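The values are calculated or read from the model by the stated rules, or taken from the named source; none is laboratory data. Nothing here was measured: the structure is a model prediction, and the numbers come from that model. Ideal geometry is used to build each Cβ from the backbone, glycine not excepted, and the neighbour counts take in all protein chains shown. Side chains included, ligands, DNA and RNA excluded: accessible areas come from the protein's heavy atoms. Shrake-Rupley method; radii C 1.70, N 1.55, O 1.52, S 1.80 Å.
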Amino acid sequence: MDEEAMDNVIPMDTYILPNTKNTLVIPVQYRAAEGRGSGEVSGPHLVIPSPGGSAYSRNLTKSIEICVFLADKSGVEFSVDGGKMATAQDLHELVVELLELTSIARDLFALWVTSPLLEIQLRPHHIPFRVVQQWPDLVQKYTSATAEEIIQDEPVLMFRRNVFFSKAREMREATDAESLRLLYEEAKFNVVESRCPCSSADCEKLAGLQAVIEHGQYDHNQHKPAFYKNKVRSYLPEYMCKSSWLKTKAETRISHQHMRMSTKDPQDALYTKYLTHVWNMPFYGSAFFKGQIERPAGILGTWTQNPDVEVFVAINSECVNIIDREKHELTLSVPFEKLSWEYMQPPCQGQEGRMPCLFLQFMCCEDRSMVTNLLQVFSKQAAMMDAMIESCVLMKTGSVPNTPSSCTAPVYPPLHVHNENGNTDADAGYACTQQMGEHGVAAAIPSLVAHLERLVVSTFNLQGECMKDGSRRQAWRFDR
């Protein structure tokens, strides 16, 4: 979930600290969870505004234990007087100083509230304690979880990459070992947990790099396949772990890649090698939203009603990506420069079976003519996707044009537009131009990737006339 959407979730005034001149300077105790050491630190000090002397305000100033988890599942734990009123920025600063991160970390990382059902990146002024209090309501509004799942859901505070931080700047400025380690741990999680679709070759190469990072240079006596037999899921996504008589066993492939990737490079160089590989993926650094799209007709055509395709809508500072969660494939990647979009609520909000949706429109060449394709994504998180896209576009351009420069005729339906030119590259892989980064590696600037045979889209000419309605159902229905 993006920052803009949070202001639509909970009223802004609930996040404004009381207007008072009285402040308390509170020494903060740090102790790191899971083996990161412990101890009391004499500084820095946390300044918490005092809300007054009522019983309610005294409750707000009580000391509470707060743990902020890192991507490697370790945590930073501290006791904060007035912790119920501490802002995300307060806690973010404490983590940055405790981990002794460089100044770039203040922009590179952000504080998140996450659970298996929902993920929210907080604005600096948000109060995590209040977000956690309202978590069941947020999960009910923005997911399809059952009442029992909501009751069992437990949110945690996490220190993760800021989704609005550009990949190009990350490549230039994220050079210290600890920042690279945190970025590596998060990227590894997204690969191993099947969020980022990778080819078999890519998965195995990354598994080999991970093995070198975690176990050092390959040792013929120690790092045999048996060493990895019970650790396979820590290195490969689940869809890569399935055994087959046609495939070499997963543990053998990991051992082979460990030997192949073995090097004496220092840890920070190994982190950079891993990140260099994932930087070339268009969905790197994305926030992941759950949605569904219509499934293309099968052999029986319209005689059967196929269930929708469950997808991730992965949005970062450069583009919008559609990832098939069943096949673990990237089906669409549209840079903001080539994207038009529109958020729509169903006609009868709250009616069972009806979801909000996000329309994504992009141009491509079909039969030597430029056309626009329109894809409908259904999701209870569509409002969050819309807010994040708009925020990213505004950050890139400072404004959102009202009409596409390449087409003055209206299209259906009317869309937000950020389209600098009509040039479109359709490619089967990660189509990218290259921009050299500070590490001496090329930053991938994403181009359009569109596997239209896997998508149900409607096609319009540049005059806005519908040439093909790909939907087997009534156009633009909201019932799923």
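The table below gives the values:
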{"quantity": "Of 133, 147, 164, farthest towards positive along the dipole that unit charges on Lys, Arg, Asp, Glu beta carbons give the stretch 113-179", "calculated": "164"}
{"quantity": "Contact order relative to length of the stretch 319-386, as percent, for alpha carbon pairs under 8 angstrom and 6 or more apart", "calculated": "25"}
{"quantity": "Amide H contacts of residue 355 (H built 1.01 Å from N, under 5 Å, at least 5 apart or other chain)", "calculated": "480"}
{"quantity": "Eligible lysines near residue 338 by straight Cα distance, threshold 16 Å, same-chain separation 8 or greater", "calculated": "396"}
{"quantity": "Residue order for 185, 337 - accessible surface, 1.4 angstrom probe, largest first", "calculated": "337, 185"}
{"quantity": "Residues with amide H under 5 Å from that of residue 69, placed H, sequence gap 5 or more", "calculated": "76, 157, 158, 159"}
{"quantity": "Shape of the stretch 148-273, Cα gyration tensor, a/c cut at 1.5", "calculated": "oblate"}
{"quantity": "The stretch 159-205 shape via C-alpha gyration tensor axes, a/c threshold 1.5", "calculated": "prolate"}
{"quantity": "Straight-distance crosslink candidates among lysines, where the alpha carbon sits under 23 Å from residue 229 and sequence neighbours closer than 8 are dropped", "calculated": "73, 188, 205, 242, 247, 249"}
{"quantity": "From phi via Karplus (6.51, -1.76, 1.60), per-residue ³J(HN,Hα) for the stretch 101-114 in Hz, x at Gly/Pro", "calculated": "7, 6, 4, 5, 5, 5, 9, 5, 10, 9, 8, 10, 10, 9"}
{"quantity": "Shape call, the stretch 247-297: gyration tensor on alpha carbons, a/c limit 1.5", "calculated": "oblate"}
{"quantity": "J(HN,Hα) series, the stretch 197-211, from Karplus relation 6.51 cos²θ - 1.76 cosθ + 1.60, nearest Hz, glycine and proline x", "calculated": "x, 10, 5, 4, 5, 5, 4, 5, 5, 5, 5, x, 5, 4, 5"}
{"quantity": "Placed amide H near residue 82: partners under 5 Å, 5+ positions off or other chain", "calculated": "62, 63, 64"}
{"quantity": "Accessible area, probe 1.4 Å, largest first, for residues 384, 261, 395", "calculated": "395, 261, 384"}
{"quantity": "Integer Hz, Karplus 6.51/-1.76/1.60 couplings in order for the stretch 452-467, x for Gly and Pro", "calculated": "5, 5, 9, 10, 9, 10, 9, 10, 10, 7, 6, 8, x, 8, 6, 8"}
{"quantity": "Electrostatic dipole magnitude of the stretch 49-205 [Cβ: Lys, Arg +1; Asp, Glu -1; Cα centre; debye, to 20]", "calculated": "440"}
{"quantity": "Whole-number accessible area per residue in Å² for the stretch 156-237, which is evaluated in the context of all protein chains at 1.4 Å", "calculated": "38"}
{"quantity": "With every protein chain in place, the stretch 108-233: carbon and sulfur % of accessible area (1.4 Å)", "calculated": "49"}
